[in-house]
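One structure is given here, and the rest of the page talks about it.
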Amino acid sequence: MKVIDHINNSKKTLFSFELLPPLKGHNISGIYRTIDPLLTFNPSFINITYHQQEVVYKKHKSGLLEKRTVRKRPGTVAISAAIKYKYPSVDVVPHLICGGFSKEDTEYALIDFHFLGINNILALRGDPPKGMRVFAPEKEGHPYATGLVEQIVAMNKGKYIDEEMENTTPTDFCVGVAGYPEKHIESPNITSEMKFLKQKIDAGAEYIITQMFFDNENYFTFVKNCREAGITVPIIPGLKPITTLHDINILPQVFNIDIPEDLVKAIAGCRNNEEAFRVGIEWSIQQSKELIRYGVPVLHYFTIGISENIRQIASAVF
Ligand code: FAD
């Protein structure tokens, strides 16, 4: 089922979560170990992230550096298919990014998803590669997620890159996009943020999943700004529980988000990661309960491969 149908068919807040493919060389069984304890909460869908290749430098004995391109977490397409067929009651939402993809590569990826019977995509631009400040699209690739949404919507109408192709089969993807309650790091201001978010929706995206946030007021303000900008689609809050003492310093750097002072104080009072893990669960439970009262369509958790905290949160709120 499509994400938008899950939302439209439900009167209560749904549960979903995001998984990362395993690091190259590791087994898919880790993915199943994350999913299995969460099945009891009836997840409507599971998102699988996409990781573009990175440039790494290998130092040789001679001291010379060799430049290599590696994909540390490959397998998004295969993992999506494996989950779809192992857990028939759950839908999968693979992420598809612009980075590293020409429009033709994108078309082939979409054909694979279509043939696999997967009809949900979260369409993203991707971040600039590590060590670079500016995102550079692939030659013949999309510079922004809007272009990717447009390409998927065109395929839903049977339009492929080669416009001379006749009698093509239309695909049937439901497309979601990302939103940033605390503003995307590259956006000069909220007005610009809303303008380009609306472009993605006008291009055909049917819902938004937000970046993580730790203060629900940021989500409420974001929804208000979206509605004022004419964005009417469902806005799914993305939540990530704190798991270690260092999260309060690392997450703001990586995701351009603020940690509320009360949470900073609570983590600062922890003696070790185990205590921080418990504080993270409790904070996320309170956030989740308030968001349910507000009437959010889905609570979407970023697992980063850990399910025990999400299991405890889900059992307290669903
Ligand atoms: P866009 O919507 O293209 O926006 C990027 C920036 O460009 C924004 O500042 C926007 O305001 C601006 N902009 C948009 N259009 C224009 C225009 N026409 N002219 C000028 N400026 C414009 N990354 C991954 O690599 N893999 C993943 O699996 C992944 N999953 C994610 C899941 C969620 C829920 C979220 C919130 C993020 C995820 N990301 C992922 C991170 C995401 O790729 C980055 O945040 C990226 O920097 C922006 O992606 P976007 O799709 O929001 O980009």
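Looking at the stretch 54-80, I want the residues that are assigned to a strand (DSSP E or B) and have a partner that is loosely packed, with under 11 Cβ neighbours inside 10 Å and aliphatic (A, V, I, L, M) with Cβ atoms under 9 Å, at least 6 apart or on another chain. Which pairs are those?
Val55/Met132
Have a look at Lys130, Lys86, Lys200 and point out the one that is within 27 Å of Leu19 (Cβ to Cβ), in contact with a Ser or Thr (Cβ under 6 Å, 6 or more places away or on another chain) and among the basic types (Lys, Arg).
Details: Lys130 fails: in contact with a Ser or Thr (Cβ under 6 Å, 6 or more places away or on another chain); Lys86 fails: in contact with a Ser or Thr (Cβ under 6 Å, 6 or more places away or on another chain).
Exactly one of Lys130, Lys86, Lys200 is within 27 Å of Leu19 (Cβ to Cβ), in contact with a Ser or Thr (Cβ under 6 Å, 6 or more places away or on another chain) and among the basic types (Lys, Arg), namely Lys200.
Does at least one position in the stretch 215-227 carry a residue that is modelled with pLDDT of 95 or more, within 12 Å of the ligand (Cβ to nearest atom) and assigned to a loop (DSSP other than H, G, I, E, B)?
Narrowing the stretch 215-227 to residues modelled with pLDDT of 95 or more: 215-227.
Applying the additional criterion that residues be within 12 Å of the ligand (Cβ to nearest atom) yields 222.
Right, trim to assigned to a loop (DSSP other than H, G, I, E, B) and you get none.
No - not one qualifying residue is present in the stretch 215-227.
Just name the residue that is nearest to the ligand (Cβ to nearest atom) out of those in the stretch 99-117 that are assigned to a loop (DSSP other than H, G, I, E, B) and more than 30 Å from Val254 (Cα to Cα). Before the answer, list the steps.
Taking the stretch 99-117 and keeping what is assigned to a loop (DSSP other than H, G, I, E, B), we get 99-102, 116-117.
So of that shortlist, the ones also more than 30 Å from Val254 (Cα to Cα) come out as 116-117.
On the way: Leu116: 18, Gly117: 21 Å.
That would be Leu116.
Can you tell me which residue within the stretch 285-306, out of those that are touching a Leu at 6+ places or on another chain (Cβ under 9 Å) and surrounded by fewer than 19 Cβ atoms within 10 Å (Cβ to Cβ), is modelled with the highest pLDDT?
For the stretch 285-306, the residue satisfying everything is Ile292.
Select from the stretch 208-223 the residues that are more than 12 Å from the chain's Cα centre (by Cα) and not β-branched (Val, Ile, Thr) and list them in ascending order.
Within the stretch 208-223, the first condition is being more than 12 Å from the chain's Cα centre (by Cα), and the residues that meet it are 213-223.
Matches in the stretch 208-223: Phe213, Phe214, Asp215, Asn216, Glu217, Asn218, Tyr219, Phe220, Phe222.
Among the residues of the stretch 267-284, which ones are of a type outside the set (Asp, Glu) and either surrounded by fewer than 17 Cβ atoms within 10 Å (Cβ to Cβ) or farther than 17 Å from Asn249 by Cβ (or both)? Please lay out each step first, then the result.
Our first condition is that a residue be of a type outside the set (Asp, Glu); within the stretch 267-284, this holds for 267-273, 276-281, 283-284.
Result: Ala268, Gly269, Arg271, Asn272, Asn273, Arg278, Ile281, Ser284.
Given Ile231, Ile208, Ile190, which one is crowded, with 21+ Cβ neighbours inside 10 Å, of a type in the set (Val, Ile, Thr) and in contact with a helix residue (DSSP H, G or I) (Cβ under 9 Å, 6 or more places away or on another chain)? First the steps, then the outcome.
On the way: Ile231 fails: crowded, with 21+ Cβ neighbours inside 10 Å; Ile190 fails: crowded, with 21+ Cβ neighbours inside 10 Å.
Result of the check over Ile231, Ile208, Ile190: Ile208.
Is it true that Tyr219 is in contact with a Ser or Thr (Cβ under 6 Å, 6 or more places away or on another chain) and among the aromatic types (Phe, Trp, Tyr)? Walk me through it before giving the result.
Details: in contact with a Ser or Thr (Cβ under 6 Å, 6 or more places away or on another chain): no; among the aromatic types (Phe, Trp, Tyr): yes.
Answer is no for this residue.
Taking only pairs six or more apart or across chains, which ones have beta-carbon atoms under 6 Å, a first residue in the stretch 280-291 that is in contact (Cβ under 8 Å) with a residue 12 or more places away in the chain, and a second residue that is of a type in the set (S, T, N, Q)?
Short answer, once both residue conditions are applied: Gly280/Thr243; Ile281/Asn309; Ile281/Gln312; Gln287/Asn216; Glu290/Asn216.
Only one of (1) assigned to a helix (DSSP H, G or I); (2) surrounded by fewer than 21 Cβ atoms within 10 Å (Cβ to Cβ) fails for Pro22. Which number is that?
Every listed condition holds for Pro22 apart from (1).
Being surrounded by 14 or more Cβ atoms within 10 Å (Cβ to Cβ), over 18 Å from Thr221 (Cα atoms) and hydrophobic (A, V, I, L, M, F, W, C) is true for just one of Ala203, Ala178. Which residue is that?
On the way: Ala178 fails: over 18 Å from Thr221 (Cα atoms).
That would be Ala203, the only listed residue that is surrounded by 14 or more Cβ atoms within 10 Å (Cβ to Cβ), over 18 Å from Thr221 (Cα atoms) and hydrophobic (A, V, I, L, M, F, W, C).
Counting just the residues of the stretch 47-92 that are more than 21 Å from Leu110 (Cα to Cα) and within 16 Å of the ligand (Cβ to nearest atom), which one comes out modelled with the highest pLDDT?
This residue is Lys72.
Have a look at Thr232, Thr210, Thr243 and point out the one that is under 22 Å from Lys12 (Cα atoms), modelled with pLDDT of 95 or more and either basic (Lys, Arg) or away from the ligand (no atom under 16 Å from the Cβ) (or both).
Numbers: Thr210 fails: either basic (Lys, Arg) or away from the ligand (no atom under 16 Å from the Cβ) (or both); Thr243 fails: under 22 Å from Lys12 (Cα atoms).
Just a single option satisfies the conditions, and that option is Thr232.
Looking only at the stretch 135-151, count how many residues are within 20 Å of Leu197 (Cβ to Cβ) and assigned to a loop (DSSP other than H, G, I, E, B).
5
Pairs only if they're at least six apart or on different chains, beta carbon under 7 angstrom, first in the stretch 187-199 and over 16 Å from Thr221 (Cα atoms), second near the ligand (Cβ under 7 Å from one of its atoms) and among the acidic types (Asp, Glu); list them, first residue then second.
Ser187/Glu193
How many residues are surrounded by 15 or more Cβ atoms within 10 Å (Cβ to Cβ) and either within 21 Å of Val93 (Cα to Cα) or β-branched (Val, Ile, Thr) (or both) if we restrict to the stretch 242-256? Give the derivation first.
Kept after step one, since they are surrounded by 15 or more Cβ atoms within 10 Å (Cβ to Cβ), are these residues of the stretch 242-256: 242-245, 247-248, 251, 255-256.
This time we only want the ones that are either within 21 Å of Val93 (Cα to Cα) or β-branched (Val, Ile, Thr) (or both), so: 242-244, 248.
Selection size over the stretch 242-256: 4.
The values are calculated or read from the model by the stated rules, or taken from the named source; none is laboratory data. The shown structure was predicted, so the numbers you read here are calculated from the model rather than taken from an experiment. Note: ideal-geometry Cβ built from the backbone for every residue, glycine included; neighbour counts use all protein chains shown.
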